[in-house]
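Below is one structure, written out as structure tokens; the observations come after it.
The values are calculated or read from the model by the stated rules, or taken from the named source; none is laboratory data. Worth saying up front: this structure is predicted, and the values here are computed from it rather than measured. Note that each Cβ is placed from the backbone with ideal geometry, even for glycine, and that neighbours are counted across all protein chains shown.
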Amino acid sequence: MKAVESLKIRELPGMNIVEEELYNLFKDSYENTYNICKRLLSSGGKRIRPALVLCTAGCFGGVTKEAIKVSTACECIHMASLVHDDIIDASIMRRSNPTINAQKGNTTAVLIGDYLFAKAFEILSRNRLVRSMEVIVDAISKMCDGEIFQRENLFNLDQTREDYYCRIYQKTGVLIAACTQVGAITAGADEEQIRAFKVYGENLGYAYQIIDDILDFIGDEKILGKPVGSDLREGNITLPILKLIKNEKHKEWMKKILKKGRITESYNEILRLLKDSDALDEAFCEAEYCAEKAQESLESIEDSVYKDMLLNIADQILVRKY
């Protein structure tokens with residue numbers, strides 16, 4: 001894989017305005033609500049989703065006011081989904097900080113997530129961004145559907161590779177694809193161009209989640225900001241495990257581990273098998289393939305500094321550490 005130049009997302013044109021709009025969005029709220037939202041904003045989020053909106057819009061002539069508004073709404077939706085995910089997973093840490101549910105309890109965390117969703121739709125409705133809203137509403141619907149599917153298949157080793165891709169599309173890819181679509185929509189792109197960016201976003205989402213699933217096994221806890229192995233301990237069967245259990249012997253062994261609830265004490269052995277069986281390398285190859293498909297989908301888009309940024313983001317995802 002080629003060396004990748006570091007991309008500073010927060011220095012993208014328009015990102016400083018998005019950041020300012022995010023902080024201003026909560027200033028009229030109750031003091032405690034504002035403080036919680038402010039802490040979420042300052043906790044180290046990567047801002048990939050608003051960056052995708054801005055870069056996609058930039059491919060068609062520059063960052064518009066509408067793109068700024070949609071970027072802000074998309075980041076609110078992403079933040080809301082993380083807050084709700086932490087409640088569902090009973091997570092106590094995110095980005096090396098205590099989660100809202102750990103600090104304030106589930107009731108407050110649910111309400112903060114709902115509040116963030118409401119603020120996102122306030123932005124879209126006030127600015128009459130109807131088509132963008134339709135795309136985002138569809139994405140949220142699929143995100144919820146994917147979460148339900150995941151909950152119903154915890155510890156299920158009989159899931160297929162197709163099940164996995166369907167799940168990560170709904171949980172991760174669909175919102176990323178929505179961001180690239182709405183960026184194109186706000187900039188007046190034609191239907192073929194919007195479809196190209198949808199394909200880009202979907203495959204970028206696949207690559208992002210696969211790398212996330214790999215890092216869950218081999219990442220640095222200090223960099224990740226959460227314990228490694230969290231997904232498997234919670235019962236989420238990800239691509240590295242699916243690669244491992246293609247070997248029937250390993251599958252039967254894993255079934256016994258899961259049945260006895262001995263994941264934690266067997267974790268080092270599971271990690272050794274993942275490495276020895278090349279399951280992690282095979283999963284990474286699939287992430288590479290998805291990133292390449294994302295880049296290929298933009299071949300028909302006119303060259304620009306913004307297109308270069310989108311191609312670079314696909315490369316960056318493959319070398320990220322958190």
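I'd like to check which helices (runs of 4 or more DSSP H) are fully inside the range 137-250 and have at least 2 residues that are within 16 Å of Leu298 (Cα to Cα) and small (Gly, Ala, Ser).
Filter on the range 137-250 gives 174-186, 191-218.
What do you reckon, is Lys259 closer than 30 Å to Ser43 by Cβ, charged (D, E, K, R) and in a helix (DSSP H, G or I)?
no
Before we move on, is Lys27 exposed (fewer than 15 other Cβ atoms within 10 Å of the Cβ) and in contact with a Phe, Trp or Tyr (Cβ under 7 Å, 6 or more places away or on another chain)? Talk me through it step by step, then tell me what you get.
Details: exposed (fewer than 15 other Cβ atoms within 10 Å of the Cβ): yes; in contact with a Phe, Trp or Tyr (Cβ under 7 Å, 6 or more places away or on another chain): yes.
Yes; evaluated as a whole, the condition is true for this residue.
Could you please find all residues in the range 127-174 being farther than 22 Å from Leu52 by Cα and among the charged types (D, E, K, R)?
Within the range 127-174, Asp145, Glu147, Arg151, Glu152, Asp158, Arg161, Glu162, Asp163 qualify.
Looking only at the range 275-285, count every residue that is at pLDDT below 95 and either aliphatic (A, V, I, L, M) or buried (at least 16 other Cβ atoms within 10 Å of the Cβ) (or both) and tell me the total.
1
Test Ile223 against the criterion of being β-branched (Val, Ile, Thr) and either surrounded by 22 or more Cβ atoms within 10 Å (Cβ to Cβ) or on the phi > 0 side of the Ramachandran plot (or both), and give yes or no.
Considered against the rule, which asks whether it is β-branched (Val, Ile, Thr) and either surrounded by 22 or more Cβ atoms within 10 Å (Cβ to Cβ) or on the phi > 0 side of the Ramachandran plot (or both), Ile223 comes out as no.
Is there any pair linking a residue in the range 158-179 that is closer than 18 Å to Lys251 by Cα to one that is polar (S, T, N, Q), with Cβ under 9 Å and at least six apart or on different chains, and which?
Qualifying pairs under 9 Å: Gln159/Asn153; Asp163/Asn153; Asp163/Asn156; Tyr164/Thr238.
Each row is one residue, and each column tells you yes or no for (1) closer than 18 Å to Lys171 by Cα; (2) crowded, with 18+ Cβ neighbours inside 10 Å; (3) modelled with pLDDT of 90 or more.
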| site | (1), (2), (3) |
| --- | --- |
| Ala207 | yes, yes, yes |
| Asp213 | yes, yes, yes |
| Leu232 | yes, yes, yes |
| Lys260 | no, no, no |
| Arg272 | no, no, yes |
| Ala287 | yes, yes, yes |
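Could you check, for the range 280-290, whether at least one of its residues is assigned to a helix (DSSP H, G or I) and either farther than 17 Å from Asp213 by Cα or among the hydroxyl-bearing types (Ser, Thr, Tyr) (or both)?
Scanning the range 280-290 turns up at least one residue that is assigned to a helix (DSSP H, G or I) and either farther than 17 Å from Asp213 by Cα or among the hydroxyl-bearing types (Ser, Thr, Tyr) (or both).
Can you find a residue that is among the aromatic types (Phe, Trp, Tyr), under 27 Å from Leu111 (Cα atoms), touching a residue at least 12 places away in the same chain (Cβ under 8 Å) and not in a helix (DSSP H, G or I) anywhere in the range 13-25?
For the range 13-25, residues among the aromatic types (Phe, Trp, Tyr), under 27 Å from Leu111 (Cα atoms), touching a residue at least 12 places away in the same chain (Cβ under 8 Å) and not in a helix (DSSP H, G or I): absent.
Tally time: how many residues in the range 26-38 are of a type in the set (Lys, Arg) and either part of a loop (DSSP other than H, G, I, E, B) or free of Cβ contacts under 8 Å to residues at least 12 places away in the same chain (or both)? First the steps, then the outcome.
So the first thing to find is which residues in the range 26-38 are of a type in the set (Lys, Arg), and the list is 27, 38.
If we keep only those that are either part of a loop (DSSP other than H, G, I, E, B) or free of Cβ contacts under 8 Å to residues at least 12 places away in the same chain (or both) as well, we get 27.
Of the residues in the range 26-38, 1 are of a type in the set (Lys, Arg) and either part of a loop (DSSP other than H, G, I, E, B) or free of Cβ contacts under 8 Å to residues at least 12 places away in the same chain (or both).
Residues are listed down the side, and each one gets a yes or a no for (1) over 18 Å from the mean Cα position of the chain (by Cα); (2) on the phi > 0 side of the Ramachandran plot; (3) among the acidic types (Asp, Glu):
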residue	(1), (2), (3)
Asn35	yes, no, no
Ile48	no, no, no
Gly58	yes, no, no
Met79	no, no, no
Ala90	yes, yes, no
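Residue by residue, here is whether (1) among the hydrophobic types (A, V, I, L, M, F, W, C); (2) buried (at least 18 other Cβ atoms within 10 Å of the Cβ); (3) free of Cβ contacts under 8 Å to residues at least 60 places away in the same chain; (4) more than 22 Å from Asp216 (Cβ to Cβ) holds:
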{"position": "Leu242", "(1), (2), (3), (4)": "yes, yes, no, no"}
{"position": "Cys290", "(1), (2), (3), (4)": "yes, yes, no, no"}
{"position": "Glu299", "(1), (2), (3), (4)": "no, no, yes, yes"}
{"position": "Tyr306", "(1), (2), (3), (4)": "no, yes, no, yes"}
{"position": "Asn312", "(1), (2), (3), (4)": "no, no, no, yes"}
{"position": "Arg320", "(1), (2), (3), (4)": "no, no, no, no"}
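Which of the residues belonging to the range 126-157 are more than 30 Å from Leu258 (Cα to Cα), touching a residue at least 12 places away in the same chain (Cβ under 8 Å) and more than 20 Å from the chain's Cα centre (by Cα)?
Residues satisfying the conditions are Asn127, Leu129, Arg131.
I'd like the residue in the range 150-204 that is within 26 Å of Cys59 (Cα to Cα) and basic (Lys, Arg) and, out of all such residues, is surrounded by the fewest Cβ atoms within 10 Å (Cβ to Cβ).
Arg195
Can you name the residue in the range 86-125 that is free of Cβ contacts under 8 Å to residues at least 24 places away in the same chain and under 25 Å from Gly201 (Cβ atoms) and is also surrounded by the most Cβ atoms within 10 Å (Cβ to Cβ) among such residues?
My answer is Asp86.
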